[in-house]
1. Please list, ordered by first then second residue, the pairs with beta carbon atoms under 9 Å, 6 or more apart or interchain, first in the range 1-26 and exposed (fewer than 11 other Cβ atoms within 10 Å of the Cβ), second of a type in the set (Phe, Trp, Tyr).
2. Test residue 63 against the criterion of being surrounded by 10 or more Cβ atoms within 10 Å (Cβ to Cβ), at pLDDT below 90 and polar (S, T, N, Q), and give yes or no.
3. Please find, within the range 13-41, the residue that is nearest to residue 54 (Cα to Cα) out of those that are among the polar types (S, T, N, Q) and assigned to a helix (DSSP H, G or I).
Amino acid sequence: MKTFVLQTRVLNEAHTGKNIGALLREACTEWKISDKNPTIVTDNTRNMIVAGAEAQFSPHQGSR
């Protein structure tokens, strides 16, 4: 398996699922990969679960 980091960003707002999801959608739009159905892997915190749903990423794989 290969992994890549496309970018890192500062999130000055509260780290809510809604804000993180919006940032993820924005990044995917900038990289022109929104139509690729990207998969994200995160921890299982509520804000990251919500971020995956907000960004409409499927599947979202939470770590154990």
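The values are calculated or read from the model by the stated rules, or taken from the named source; none is laboratory data. As the structure is a prediction and not an experimental result, all values here were calculated from the model. Glycine gets a Cβ as well: all are built from the backbone with ideal geometry, and neighbour counts include every protein chain shown.
1. Matching pairs, first to second residue: 6/31; 7/31.
2. Working: surrounded by 10 or more Cβ atoms within 10 Å (Cβ to Cβ): no; at pLDDT below 90: yes; polar (S, T, N, Q): yes.
Answer is no for this residue.
3. Narrowing the range 13-41 to residues among the polar types (S, T, N, Q): 16, 19, 29, 34, 37, 39.
Checking the rest, the ones that are also assigned to a helix (DSSP H, G or I) come to 19, 29, 34.
Details: 19: 9, 29: 14, 34: 13 Å.
This residue is 19.
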